[in-house]
Amino acid sequence: MKFNLYIIFLPLLASCIHQRADDEAEKQVKAITPVQVTTPKMGAMYDYIELNATSSFLRKETIKSTANGYIADINISIGEKVRKGDTLFMLKTKEARAIDNLGSTQNTKLGFTGKIPVLSTKDGVVSAILHQKGDYVQDGDQLATVAEQNSLVFLIDAPFEYHKYMGLNKPCKILLPDGEQLEGIIQSGLPEMDVSNQTQNYVIKALGGDKLPEGLIARVKIETEKKNNAITLPKDAVLADEKEESFWVMKLINDSTAVKVPVALGLQNEEAKEIISPVFSTSDRIISSGNYGLPDTAKIKIVK
């Protein structure tokens, strides 16, 4: 009877062992993680600050009435570009208007129109029209405002601790909301602080962007530090603990295995991180995608 039980039990045991081996093999297959890899780069590494900036016209020409009278014609509209010498308004004096009331025949006999053109004194863009056709204005009244397009700048408020980075004529980058990037320089700084928030106002001149409107909010990147021969990795290739006190990368030791390598960081920005130690070569392969949650030694599969 015992012999018969052994005959029944042994095949069952063999089947269980075989199934367990299959399960382990399946787990190993499943543990292979698809990843993408990158290599360290050597080159210039920048650190910078970013500050909000608002576009503004530094020079605006006020168009004024040159006589007492009525506005007979307005030849401009807001946003229109004008050139120096263009007729913006046409005034008609009180006397000419009185003659008009006598009738066209009498006006023709006198040969007097009483129309006085108001000309633009600058090239620019009309930013405001302050009167309507038919309004009575006096000599010196403001009629419109023309902003000089080439006087467009970006104004930033920088905390005083950034003062050492805000050198005059220092280059910077202006990031527009649509993704366009302009080169700029720090043109000047106002010699006073905002008492409430302890910031200083600086003027950034954009090299280009002549058609930008006033009041546009952008970001200005100003370099604070630079290393010419830094070893860097993309931001996503460097992992950190929850407190961001320890950092590491997953380095490939062959085509199918990656190991955890602790690293010390230097300069950092939104695109890359400088690796101070250990010293990587530009041929080392580092996981850039799929590295999150991998154990110290992990089986991987490189994908593109």
Computed from the beta carbon distance with a Förster radius of 22 Å, FRET efficiency for Asn201 and Thr224 to the nearest 0.05 stands at 0.70
Listed by chain and number, the aspartates and glutamates with an alpha carbon less than 19 angstrom from that of Lys273, same-chain partners under 8 positions apart left out, are Asp47, Glu50, Glu223, Glu225, Asp236, Asp241, Glu242, Glu244, Glu245, Asp284
With all protein chains in place and a 1.4 Å probe, Tyr165 shows an accessible area in Å² (nearest 10) of 50
For region 122-176, the accessible surface attributable to carbon and sulfur atoms (probe 1.4 angstrom, ligands and nucleic acids excluded) amounts in percent to 48
Given unit charges at Cβ for Lys, Arg (+) and Asp, Glu (-), the dipole magnitude of region 216-304 about its Cα centre in debye, nearest 20, is 320
As straight-line cross-link partners of Lys84, the qualifying lysines (C-alpha separation under 21 Å, not fewer than 8 residues apart within one chain) are Lys60, Lys64, Lys115, Lys122, Lys211
Measure of exposure for Thr282: accessible area at 1.4 Å probe, Å² rounded to 10, is 80
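Going by accessible area, probe 1.4 Å, with all protein chains left in place, what is the ranking of Tyr70, Tyr292, Tyr136, largest first? Please list the in-between numbers first.
On the way: Tyr70 65, Tyr292 200, Tyr136 90 Å².
Ranking Tyr70, Tyr292, Tyr136 by accessible area, largest first, yields Tyr292, Tyr136, Tyr70.
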Probe 1.4 Å, all chains present, heavy atoms only: Ser196 accessible area in Å², nearest 10, is 110
Simple SL model, points at 7 angstrom along Cα→Cβ for Lys304 and Thr282; separation in nm is 2.2
Subtracting the Cα-Cα distance of Asp255 and Ser289 from 0.36 nm times their residue separation yields 10.7 nm
Taking Leu182, Leu175 and ranking on accessible area (1.4 Å, protein atoms only), highest first, one gets Leu175, Leu182
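Can you flag which of Lys81/Lys205; Lys81/Lys164; Lys221/Lys251 are past 30 Å Cα-Cα?
Details: Lys81/Lys205 21 Å; Lys81/Lys164 39 Å; Lys221/Lys251 32 Å.
Long pairs (Cα-Cα over 30 Å): Lys81/Lys164; Lys221/Lys251.
The values are calculated or read from the model by the stated rules, or taken from the named source; none is laboratory data. Predicted model only: the values in this text are computed from it and were never measured. In this analysis, Cβ positions are derived from the backbone assuming ideal geometry, glycine residues included, and neighbour counts consider all displayed protein chains. Quick note on the areas: whole protein, heavy atoms, side chains included, nothing else; ligands and nucleic acids left out. Shrake-Rupley method; radii C 1.70, N 1.55, O 1.52, S 1.80 Å.
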